[in-house]
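Remarks on the structure that follows.
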Amino acid sequence: MSRIVTLRAKNGIKETKLRTDVSKVLEVFREVRDGWRWRELWMTLGWRDVQTRHRRSRIGPFWNTLSLAFVATCIGTLYGGIMGRPMSDYIPHLVTGYMIWAFLQALVIEGKDAFVSNASAIREIAVPGTVYIYKLLWKNLVILGFNSLVYVAVLVLFQVWPFPNILLVVPALAIVLLNGIWVGLLLGLINVRYRDLGQLIPNAMRLAFFVTPILWYPDSVSGLRTIFVDFNPFYYFIEILRAPLLGQAPDPLLWIVALAITVIGWVIAAPIYAHWRRRIAFWV
Amino acid sequence: MAFVKLENVTLEFPVQASKSDRRRVPSQGEKPVGGQLASSQSGQMVVRALDHLSLTLEPGDRLALLGHNGAGKTTLLRVMAKLYPPTHGRVTVQGRVAPLLNLSFGLDMDSTGYDNIFIRGLFLGMSKAELRRKADTIAEFSELGDFLDLPMRTYSSGMRARLAFAISTHVETDILLLDEVVATGDARFFKKANERLESFARESKILVLASHSNKVLREICNKALLLEHGRLKAFGAIDEVIETYAASTAGDAKA
């Protein structure tokens, strides 16, 4: 009898613990929503970040555009020749891929610093943690905007007509941004506590650039090497954006995998962030 | 209705990666600084910055925080600002909070003073439209004049304090938390700040100010809280608490 009572009590404790865990996770999603109310703040801060990176330079943020244009001409002519692809095919592939990669890479590398680099604000005022994530997403969207000028020039130059499939960029970008939020919350949180992550990630990303089909084509690998394409999460996010930008519709499988990564990412990140987010102010 | 209530609040900081090689001399009697140091079961150092603190603030209260270095004044302000969740106990804060704890926060040294009104104002929860309406009032209150068009890095710490103070006190807020900031200004600004804080209190808002300057505290506050190693030592009318504090430090000095 008494055993049953204790068992029930244990179950009761488990239930209440579960309930508090669920409410904690709900708080994370509340933060995701509340962050949107602070859009004037993060839009201002994000835009300022773009400007301050090129402070006192005459052409300012257009340096982003220019540097991508250099990559397109130099790497494009060299690697296009090495791989024996026609320029009209290789350069659009390279420019879109490189532009998207720069965006994804920034979301990861700056995502890990989302809280560390805002330490003085975090120790001073209680705004939702998502504000710092949205700030970096916005900043990199603005940079992506500057980079896309090169993309438009390439379309004109090589007469690529991306309509109507280019409209698929909208859902693709939404998926990428949804992933950007969980990546920032998770890596940002871990990096606050274990700063070694901050050293590891840029190294890992440099390697990822070479093993992801950006300079090369996904269909040019065969055999065992296809794991670099098939098991590379970056490939899926690049491809769902790159295909519509070049006027193609991405394969349904690409959408499915990208969505699956989004769901899995949130399922992992939300409880972890929910559990430790209140300690960020102590750790930064 | 502004309202701050702390019930039995304890706050412990875990301190990471600090294996000290220093030979510890068993301390005799009370330490003059810091919170309480203890080791948790896992052997990690823990600083108990606040120890079973209970406190209620009502509209119109202007509370002075007194205590030695590391007594827990800033930590208490951060608990009230909802930055630090307490380890034990409960904190209830009703109303909008504007903290002014760190002068460099929300201020970009390379931007002009005028731009910084917007950055810090947005952080404090104001909208851009609201800030555009108030920017002139804030600029006028800071008395910085043409300096507002110069980058912040050309400002002295007193000038920075003026601007930060001007922004924080022009926010629509119910609770203002200040940490040793007003003291940076000169006499003229102090007088002005004092008037501003008094009108603030008349509108039945709550003000909490930590400072080591008894003169500042006596002029601005009506209540005081004396902290010692994170514990509440005295709470009551400002003059009495300052006297208690003076007596305890005098006692220490003699001993």
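The values are calculated or read from the model by the stated rules, or taken from the named source; none is laboratory data. Predicted, not measured: the structure shown is a model, and the values here were computed from it. Using ideal geometry, Cβ is built from the backbone for each residue, glycine included, and neighbour counts are taken over all protein chains shown.
Quick notes
- Residue in the range A:15-26 that is loosely packed, with under 14 Cβ neighbours inside 10 Å, in contact (Cβ under 8 Å) with a residue 24 or more places away in the chain and either out of contact with any Asp or Glu (no Cβ under 6 Å at 6 or more places or on another chain) or within 14 Å of another protein chain (Cβ to nearest Cβ) (or both) present: yes
- Single residue of B:Asn102, B:Asn116 found to be within 13 Å of chain A (Cβ to nearest Cβ) and without any contact (Cβ under 8 Å) to a residue 60 or more places away in the chain: B:Asn116
- Qualifying positions in the range A:101-156 - under 24 Å from A:Arg279 (Cβ atoms), β-branched (Val, Ile, Thr) and part of a helix (DSSP H, G or I): A:Val108, A:Ile109, A:Val116, A:Ile122, A:Thr130, A:Val131, A:Ile133
- All positions within the range B:199-238 that are of a type in the set (S, T, N, Q), in contact with a helix residue (DSSP H, G or I) (Cβ under 7 Å, 6 or more places away or on another chain) and either more than 29 Å from B:Arg48 (Cβ to Cβ) or part of a strand (DSSP E or B) (or both): B:Asn222
For (1) among the β-branched types (Val, Ile, Thr); (2) buried (at least 18 other Cβ atoms within 10 Å of the Cβ), each residue gets a yes or a no:
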{"residue": "A:Ser88", "(1), (2)": "no, no"}
{"residue": "A:Ile91", "(1), (2)": "yes, yes"}
{"residue": "A:Leu94", "(1), (2)": "no, yes"}
{"residue": "A:Ala102", "(1), (2)": "no, yes"}
{"residue": "A:Leu107", "(1), (2)": "no, yes"}
{"residue": "A:Leu137", "(1), (2)": "no, yes"}
{"residue": "A:Gly145", "(1), (2)": "no, no"}
{"residue": "A:Leu149", "(1), (2)": "no, no"}
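For every residue, the table says whether it meets (1) within 14 Å of another protein chain (Cβ to nearest Cβ); (2) not charged (D, E, K, R).
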residue: A:Glu110; (1), (2): no, no
residue: A:Asp113; (1), (2): no, no
residue: A:Ala119; (1), (2): yes, yes
residue: A:Ile122; (1), (2): yes, yes
residue: A:Leu137; (1), (2): no, yes
residue: A:Ile143; (1), (2): no, yes
residue: A:Asn147; (1), (2): no, yes
residue: A:Val150; (1), (2): no, yes
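- Scanning the range A:257-271 for any residue that is surrounded by 18 or more Cβ atoms within 10 Å (Cβ to Cβ), farther than 18 Å from A:Leu187 by Cβ and touching a residue at least 60 places away in the same chain (Cβ under 8 Å) turns up at least one such residue.
- Count of the range A:124-180 residues which are touching a Phe, Trp or Tyr at 6+ places or on another chain (Cβ under 6 Å) and closer than 27 Å to A:Tyr90 by Cα: 3
- Qualifying residue in the range A:67-83 (condition: outside any helix (DSSP H, G or I) and at negative phi): yes
- The set of residues in the range B:83-99 being more than 13 Å from the chain's Cα centre (by Cα) and either more than 7 Å from every other protein chain (Cβ to nearest Cβ) or touching a residue at least 12 places away in the same chain (Cβ under 8 Å) (or both) consists of B:Tyr84, B:Pro86, B:Thr87, B:His88, B:Gly89, B:Arg90, B:Val91, B:Thr92, B:Val93, B:Gln94, B:Gly95, B:Arg96.
- Test: B:Arg196 is of a type in the set (D, E, K, R) and either touching an Asp or Glu at 6+ places or on another chain (Cβ under 8 Å) or in a strand (DSSP E or B) (or both): no
- Comparison of B:Ala234, B:Ala193, B:Ala201 shows that the only residue that is out of contact with any strand residue (DSSP E or B) (no Cβ under 7 Å at 6 or more places or on another chain), surrounded by 14 or more Cβ atoms within 10 Å (Cβ to Cβ) and of a type in the set (A, V, I, L, M, F, W, C) is B:Ala193.
- Helices (runs of 4 or more DSSP H) contained in the range A:179-284 and holding at least 2 residues more than 27 Å from A:Val25 (Cβ to Cβ) and within 14 Å of another protein chain (Cβ to nearest Cβ): none
- Counting only residues that are over 22 Å from A:Ile100 (Cβ atoms) and either within 14 Å of chain B (Cβ to nearest Cβ) or of a type in the set (Gly, Ala, Ser) (or both), the range A:37-89 holds 18 of them.
- Restricting the range B:141-179 to residues that are of a type in the set (Asp, Glu) and within 28 Å of B:Met1 (Cβ to Cβ), the residue that is modelled with the highest pLDDT: B:Asp174
- Screening A:Arg56 against (1) modelled with pLDDT of 90 or more; (2) in a loop (DSSP other than H, G, I, E, B); (3) basic (Lys, Arg) leaves a single unmet condition, (1).
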